[in-house]
1. Collect the residues in region 246-290 that are exposed (fewer than 15 other Cβ atoms within 10 Å of the Cβ) and over 17 Å from residue 220 (Cα atoms), keeping them in residue-number order.
2. Does residue 394 count as among the polar types (S, T, N, Q), at pLDDT below 95 and closer than 18 Å to residue 336 by Cα?
3. Select from region 138-165 the residues that are modelled with pLDDT of 95 or more and among the hydroxyl-bearing types (Ser, Thr, Tyr) and list them in ascending order.
4. Confirm whether residue 293 is closer than 27 Å to residue 175 by Cα and either among the charged types (D, E, K, R) or without any contact (Cβ under 8 Å) to a residue 24 or more places away in the chain (or both).
5. In region 262-321, which strands (runs of 3 or more DSSP E) lie fully inside it and hold 1 or more residues that are within 17 Å of residue 346 (Cβ to Cβ) and among the hydroxyl-bearing types (Ser, Thr, Tyr)?
6. For region 317-338, what are the residues that are among the hydrophobic types (A, V, I, L, M, F, W, C), within 23 Å of residue 203 (Cα to Cα) and in contact (Cβ under 8 Å) with a residue 40 or more places away in the chain?
7. Can you pull out the residues in region 166-201 that are of a type in the set (S, T, N, Q) and at pLDDT 95 or above?
8. From the list 395, 413, 389, 433, which residue is in contact with a strand residue (DSSP E or B) (Cβ under 8 Å, 6 or more places away or on another chain) and within 19 Å of residue 259 (Cα to Cα)?
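The values are calculated or read from the model by the stated rules, or taken from the named source; none is laboratory data. What you are looking at is a predicted structure, and each value in this text was computed from that prediction instead of being measured. Heads up, the Cβs are rebuilt from the backbone with ideal geometry, glycines too, and the neighbour counts pull from every protein chain shown.
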Amino acid sequence: MGGASRRARLARPAALAVALVCIATALASQAADASARIRPGWQRPTRLAAPVALDVFGTQTALSVQGASAVGYAVMDVDSPATSNAFNLTRSSAGRISGPKRLSGAEQMLAVAWRDRTETVLTGSAERGQTCCSTARTSLASGRSAHTIVTGLAGATDGRLIAFGGRLLAVVGTERGVWAAQSDGRGRFAGTHKLTGSVVVNAIDAVAAPQNTTVTGWATNSPNAIFIARGSTKAAPRSARRVITVPSGHTIDELALAPARAHSGGATAVWVESWSDSRANFHSVVMTADLTRAPRRRQLSSSRELAAGLAVAGDAAGDQAVAWKRCTSRAACALRATLRPAGARYGSVENLSPVDASETPALAVSAHGETLLGWMLGGHVLAASARLGAKHLSGAHTVSSTTFATDPGLTFGPTTSALATWTQGTLAQSVMGAVYVGR
């Protein structure tokens, strides 16, 4: 009895081990089968938020290192602009959607970002009965740890939330100025600094640059110029420096920044510059310059075309992409794009698909240098891609064949996966999304 019982006790762990090996093998096989089913390229579109009877706008996206997606947006009654609410939802790496959740006291979604596993939002709000925004603040997506970045704002408000070196940089801009605040390694924000003087601001942008630094840029009227302020993990951006001045009579209508190599100034500015000639003919072109100590301007688009709807993206190595719309006086628009491998110049401009005149294209570049370009045509969602080192984008791929898509967004995470978002519908709008799996 005793011997038999002892053999049974010894045999049980061995049998359990065999069973665990079999289970592990089966799970590994299932995972391999699932992985095999997820082919590189665009996956099936998914509804992220159910239809609402009001207008959806200001959609912002971010992807975490773990593959989770954060999507923030606002819902507004266009007949009563003071009535708007900001919402946030998340999509796990496995595709589980949580939300949408209304963010208390927030009327506009300005930006979202992940600091490791923690999602932070930058939102705007206004006094009761007023149109947003008068106040901008950050908070965790859960609503905790709210921090006011700036108050006393007026007019249209733009914002950026940049994750770098374990920290976050929040940038808020209106026509009256640009403000910045930076967190410590625990995500706690310190004091806010106004980066501008008494100038009218046309556009803002901010990017993470090499060696855990940041570059914040803005365009102004009088002077018609571009200014930047640099920051690092040790110090938030404070002092501003004028880097570009456009000719007299010219204005800077749009501005975007892309990361660049350190010897190229850490960032590249791309802008839409417009003017009227002596015959009252209007001109609008895309210009670019690396933000070195002595920036050299370069024109990307033809002076015989009207450029608008600028989209710019880049990776930490310095690979960049620029896209814009070429439009006629009859509002017929076509897509233009150019790629720039790290350490090289921009290539030839590609004449791509027609594009909806009311929509701005979306661009993203992965950490591995893969480029994605998204746009709308006839309400359909289209996209093209290019691998690292490619000189041209691929042919157009239909991501979604709906005819009521607007407001495209496109974001790569730290890996090779990206998320495209758009709003869909007319009387009732939904927030839609599609995952792209890189090669």
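1. 262, 263, 276, 277, 278, 279, 280, 281, 282
2. yes
3. Selection gives 138, 139, 148, 151, 157.
4. Answer is yes for this residue.
5. Answer list for region 262-321: 267-276, 282-290.
6. Within region 317-338, 321, 322, 323, 324, 335, 337 qualify.
7. Result: 174, 182, 183, 192, 196.
8. 413
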